[in-house]
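Scroll down for the structure; my scribbles are underneath it.
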Amino acid sequence: MEVLRIQTDVVIIGGGGAGCRAAVEVVAFTACDRMLDLERYGVEFRKYDDGRFFQTPMPGQTYPRSCFMMENGQHMSTVLAKQSARHDNVRVLKDFFAYGLLRSGTSVVGVVGMDMLGGRIVAVQAKATILASGGYTSLWGFSDNPPTLTGETLAMAYRAGADLVDLEFNQYYGTDVIWPPSVRGTVVLYELMIEELADGEIIDREGNPIIQKPLPIRDDAIKTIFQTVSSGKGTEHGGVYFDTTKSPKGEAKVREVFETMTPKHYQFIIDAAGIGLAKVPLEVAPASHYQCGGIFINERGQSTMDGLYACGECAGNFQGANRLAGSALCDTQTMGARAGGCADDDAKGRQLLPIDEADLGRHVDLMLGRLTKKSNPVRPITVKETIRSTMDTYVAPFRDRKGMQRGPSIMEGLREELPKLVAPDHKRYNIDLMEAVEAILMLDTAEATFRSAMFREESRGHHNRTDFPDTDDQNRRCHTIIARDGDKPKLSKRDVIYTLLPPEEA
Amino acid sequence: MTEDSIKVKICRYDPDRDRQPYFQQYLVPAERQLTVDEILAWIHHNRDDSLAFRTYKCYKGMCMTCLVKLNGRNVKGCATRVEPHTEITLEPPDGGRVVRDLVVDFDRM
């Protein structure tokens, strides 16, 4: 198979109590400038008639801070894609499945991936590499993120020698559709159940409301739903019912609420499942939604490996233990610009380091080795599904050592299957070939998540342990770091850096 | 068809191997309506690991990555349901350069 080689200055891989203050400061102090940049590029923000930005207080904010874009992140990313297409010095490699970081000595010198359309392996040699690939939410089987977000870039960074941080802080969204399969993973907005809007109920299999109004915060609702399902009072498919059919507002008003507040999701559920939310109760359950942790970065977006940067959801440190509503898009624009700017500055002062051909050869073999015939072939999808269901079962909204410790041994068993992974021999858009490499990398990220979750023996933010239900500020107000030590993972604590006010003085 | 199923004819074409496109037929068990996406995923998982189609999901019918030609018309695979006991034909969506089977290059679409 042909290996295409490209040289560049900066390559960006796109595609997800414990936040260091310096990183937090970058976000806080540069957010307004980045927002005005977005407006200049063409993003429309909701405004008052007098031209001021409309801002509301999202949960956890002391002032009304959150601004609203029309259609949220979808609109923002379309505008940014158009803007970057205007620049001649930006080349976009589409349908590019990145799967390895190239190392030379102690530096990351580029990235290896598969051009899915052309069926070629591509090695991009770069002075700086930025991972901006989103989170690892779809490492879990029940997730509301695209199925591609399975955490390969975390595994890539880990294999290259970079530290990963706080992988145990996994956010769930409480009311994602769990049945029927055509809409499984679609978000149904919990907040719409309030009295002022749809005024419906979340009910168990017997029709009993399980959540009282005024609606509790999402974390508490998740706990209640999780307990309802665990105690056997959930629906046939493992959820609870999101039911607006008995709302005092009446069907027409409820329909209007869905059509105004979440028109795309509402219509999608009708088209793909034939279900009108205002007419029929829907089975929902907590699904994996966002990851606070990831590749450890400092306030410049630098990882612990020379030449490697990260930003957005695939990076960890800024979000700490608990992501607040309204912070994720802000993170992408502030830390994204920051990492980009710093990577560019650093690249200017560097030479392009040569690729280690043996290293490149190993990455090529990882991919091509799947195409040789195997005596007991294993479909990659079976390994992926086992990883995902293991995560669902043991790294759940509420977790304990007894369950979690099964994870690493299941992963060990799956590692033995990896040499048998096989894909049919097609050059272009070979899904099984891509899934085989995904499965190999997913194992690393899953194992690292299990070990991090077992390491942190307390409950904090999005990490809830039933065997350690209290928060341990004395011993655990710190990061969990996992990194490669030889060929084994090594866990450690790292101090959180407070530059201005430590939490107790805030 | 004696049991609940959907008969699916899919246009296959590998430019590296095939002189021209051809149709391949599959029988998908279906006791209820299935979306085109569900049908393709079932075929890929249970019958044919070589099938090429777009697997990305946005979960809200917006991204258009799942565009496919169903019975002669471009539709969103994620949001289009097919009844049991029907026969359908799937081809790559109009407007894009065919890469392999149902996958097209979205450039200039």
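The values are calculated or read from the model by the stated rules, or taken from the named source; none is laboratory data. Not measured: the values here are computed from a predicted model. Quick reminder, even Gly has a Cβ in these numbers, built from the backbone with ideal geometry, and neighbours come from all protein chains shown.
Residues in the stretch B:45-59 that are within 22 Å of B:P29 (Cβ to Cβ) and of a type in the set (S, T, Y): B:S50, B:T55. Looking at A:M442, A:M411, just one residue is crowded, with 22+ Cβ neighbours inside 10 Å, in a helix (DSSP H, G or I) and more than 14 Å from chain B (Cβ to nearest Cβ), and that residue is A:M442. One residue alone among B:G61, B:G96, B:G72 is surrounded by 15 or more Cβ atoms within 10 Å (Cβ to Cβ), among the small types (G, A, S) and more than 27 Å from A:G119 (Cα to Cα), and that residue is B:G61. Of the strands (runs of 3 or more DSSP E) entirely within the stretch B:52-109, those holding at least 2 residues that are within 12 Å of chain A (Cβ to nearest Cβ) occupy B:73-76, B:97-100, B:103-105. Scanning the stretch B:5-28 for residues that are closer than 14 Å to B:E87 by Cα, touching a Pro at 6+ places or on another chain (Cβ under 9 Å) and among the hydroxyl-bearing types (S, T, Y) gives a single hit, B:S5.
The set of residues in the stretch A:86-102 being more than 23 Å from the chain's Cα centre (by Cα), at pLDDT below 95 and either surrounded by 10 or more Cβ atoms within 10 Å (Cβ to Cβ) or among the aromatic types (F, W, Y) (or both) consists of A:V90, A:R91.
Yes or no, residue by residue, for (1) surrounded by 16 or more Cβ atoms within 10 Å (Cβ to Cβ); (2) away from every other protein chain (no Cβ under 14 Å); (3) under 30 Å from A:F96 (Cα atoms):
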position	(1), (2), (3)
A:G151	yes, yes, yes
A:A155	yes, yes, yes
A:D166	yes, yes, yes
A:G185	yes, no, yes
A:L197	yes, yes, no
A:Q212	no, yes, no
A:V229	yes, yes, no
A:T235	yes, yes, no
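Hey, among the residues in the stretch B:26-41 that are under 17 Å from B:D4 (Cβ atoms) and more than 10 Å from chain A (Cβ to nearest Cβ), which one's surrounded by the most Cβ atoms within 10 Å (Cβ to Cβ)? Selected residue: B:I39.
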